[in-house]
Structures are given as C-alpha cells and as structure tokens.
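Read through the structure below, which is laid out as structure tokens, and then see the notes.
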Amino acid sequence: MRKLFALCLSLLPLSVQAAPTASPALATHLGPIRVDYRATDLTVTEPQVLHWIDTARRAVTAYYGRYPVPAVDIRVESKPGSRGPSGTTYGDEDGALIKLGIGRDMSDDDLQSSWVMTHEMVHLAFPRAPDDQHWAEEGQATYIEPIARAQIGDLSVDYLWQETIEGVPKGLPADGDQGLDHTDTWGRTYWGGCLFYLMADVEIREQTHNRHGLQDALRAVVAAGGNVTTAASLDKSFALGDKAVGVPVLEDLYAQWKDKPVKVDLDALWKKLGVSLQNGKVVYDDKAPDAAIRKAITTPEP
C-alpha cells in the first residue's frame, strides 16, 4: 500500500541498470510486454498478476501517449512473506527488462494497490542518465506514478495529493546538501527528485498559461526515441522537453538545483495550488491562484 511508500523505497536498489539477457522461457504477451512468469507458489493467481501489470501498462501508455519502448520483458518471481512487490528496471541497447519479486503470501488487494509496477514502467520512458543523476530517474518515477494511475482512475486524486503533501518534505535539502547531482541520500534521490518535477510542472503550466505541462515535455522525449534503452545527459533530455513546451523551465531549474541546495516554501506552494491536508483529509480551494493548474496535472491528456 502507498502508506508503506517510504519504507518500501528504502529497501529497493536504484532501479535502472544495464539489461541482462532475458530468459528464453515461454511467456505471456500483453501488447509490447512479454511476461516471463516464474512464480508458481504465490497466493495471488497468475491472471491477477497479469491484471496488475496490464493496469500499469494502461497508466503509462495514457501518460506518455504511447508505450515508451517497443518491447520489454517482465520477469516475475516469488519471494518469502507477504510484503509488497519489489522491482528493478534494466535497459541498454539490447532491450529492456523489469524484474519483479512478489511475496508468496501477498493478497490480491495489496497487489492491485501497489505502486511498484507503474513506478518501474515509468523508468522505461526516460534515457539512462549518468550515475550522479539517478535522482532524475527515481524522482520522475516517484512523481509520475500516482499521476498516471489517477489519470486512468486507478488511484484517487485525494490520495495522490495526500501522499504528495506528506512525501515531498522528505526531499528538502538538509545540512550539508550540495545539490541534487551531489547528494545521493534516499530522501533527495526519490522525494527531492519528485519535488523538482512538481516544481517544473507548475512552472511550465504557469509560463504557458496552462497550455502545456511536464507531461507534454516528457511525451516529446519519448516521441524522439528517448527511453531506457538509450543514454543521454540531462541537459540534452531537458532541452528536448523544453523545446516541446516552448519555455526553458527544465533547463533553468536544473541549472539552479544541480550544484546547490534550493529551499522551497511548501506552505506557499500548497496555498497557491489550493490544496491542503486538514485532520488527515485533503481539502481543496478552487479559488486559489493555481487551482486550475492543480486540476490540469491530474486531468487525462488526449
């Protein structure tokens, strides 16, 4: 469940790596996805696992306007216990592979609500970055996963904003921070990266009067062939995204954040977007200056 988000992420490795050779075993195909199902001792059934995978496929396809890679192998294996799934995404010029581990005793309700599959599929949709820029990959997956799921109705918008409001403070710079490219703590890698993309999304929409958002910029990267089977510097990927939306937000924000800590007034941000958490409940202010931007972020794109 997403309430375990921070704990689960802290147990995962950085999840974009060079691709090992996929197994030649028989597999089930879901469009561009080849599922190599090796988990024979799970409480959940194979059709339930395939449904979870296919829901993630639909979410990622909707967000990017296409599935981000021509083909990907997903290897499903079991692991002890009932804890949530773990995943690692691999990619190189030979193709893409996602390795999943699912707890033998995990329930179907917990599986279907898990963020892991969509998170890993988002990794397919961006070129591999240099080692000191893993925050750009993990932060992107952390930010986009709930949005993509909300856009297809697999996650409530209230839940998305609650998790965002509770999560992004973990990504604020602490003492000794040297910028995103030089601070590889868990909080800065996942939630600091998430905050970077949230700020980029809001700024793109403000500067384009809500005609474009981060989704348009990242769709352009995928449309140009940028995905996990390719490698590119952030400068190149961000320049491509900025060109698509007509404003240099990603490039400028990266220049500001990469080498030094940047403080963000989160209270002012939530007030501007018209969203707050009061007594554990998400409350909206549709008269806020950027309320329309808040709504546009989770509205499905054509």
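Read the figures in this text as sums done on the coordinates, not as results from a lab. These numbers come from a predicted model, not from an experiment. Cβ sites come from the backbone with ideal geometry, for glycine too, and all protein chains shown count toward neighbours.
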Whole-Å distance linking the alpha carbon centroid of segment 137-164 with that of segment 268-302 is 14
Please list the non-local residues whose amide H lies under 5 Å from the amide H of V44, H modeled 1.01 Å from N, same-chain partners needing a gap of 5 or more. M106
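With the contact rule set at Cα under 8 Å and sequence spacing of 6 or more, what percent relative contact order holds for the chain?
Numbers: 555 pairs, mean separation 54.1, N = 302.
The value is 18 percent.
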In the chain, with Lys and Arg counted as +1 and Asp and Glu as -1 at Cβ, which of these residues, P261, L195, P146, has the Cα nearest the positive end of the dipole, that is, farthest along it? P146
Residue separation times 0.36 nm, minus the C-alpha to C-alpha distance between D252 and R38: what's the value? 72.5 nm
Quick one: if the Förster radius is 41 Å, what FRET efficiency do D158 and D265 give, using the C-beta to C-beta distance and rounding to 0.05? 0.95
Charge dipole of the chain about the Cα centre (unit charges at C-beta), most positive-ward option of V122, L97, L160: L160
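Magnitude of the Cβ-charge dipole of segment 28-185, K/R +1 and D/E -1, about the Cα centre, nearest 20 debye? Spell out each step's value before the answer.
Values: 13 positive and 27 negative charges, 117 e Å.
Dipole size: approximately 560 debye.
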If amide H atoms are modeled at 1.01 Å from N in the peptide plane, then the residues at a separation of 5 or more from K79, or on another chain, having amide H under 5 Å from its own are I102, G103, R104
Please name which of P173, A239, Y64 has its Cα lying farthest along the dipole of the chain towards the positive end, using unit charges on Cβ (Lys, Arg +1; Asp, Glu -1) and the Cα centre as origin. Y64
Quick one: length gained pulling E93 to S107 fully straight, 0.36 nm per residue minus the C-alpha distance? 1.4 nm
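Relative contact order, percent, of segment 131-298 when contacts are C-alpha pairs under 8 Å separated by at least 6 residues? Spell out each step's value before the answer.
On the way: 220 pairs, mean separation 42.3, N = 168.
Value for segment 131-298: 25 percent.
Let me know the charge dipole size of the chain about its Cα centre in debye, to the nearest 20, where only the beta-carbon of Lys, Arg (+1) and Asp, Glu (-1) is charged.
480
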Which listed pairs, of K236/K287; K99/K236; K236/K263; K79/K236; K243/K295, have C-alpha distances above 32 Å, in listed order: K236/K287; K79/K236
Roughly how far apart, in whole Å, are the Cα centres of segment 184-260 and segment 65-94? 24
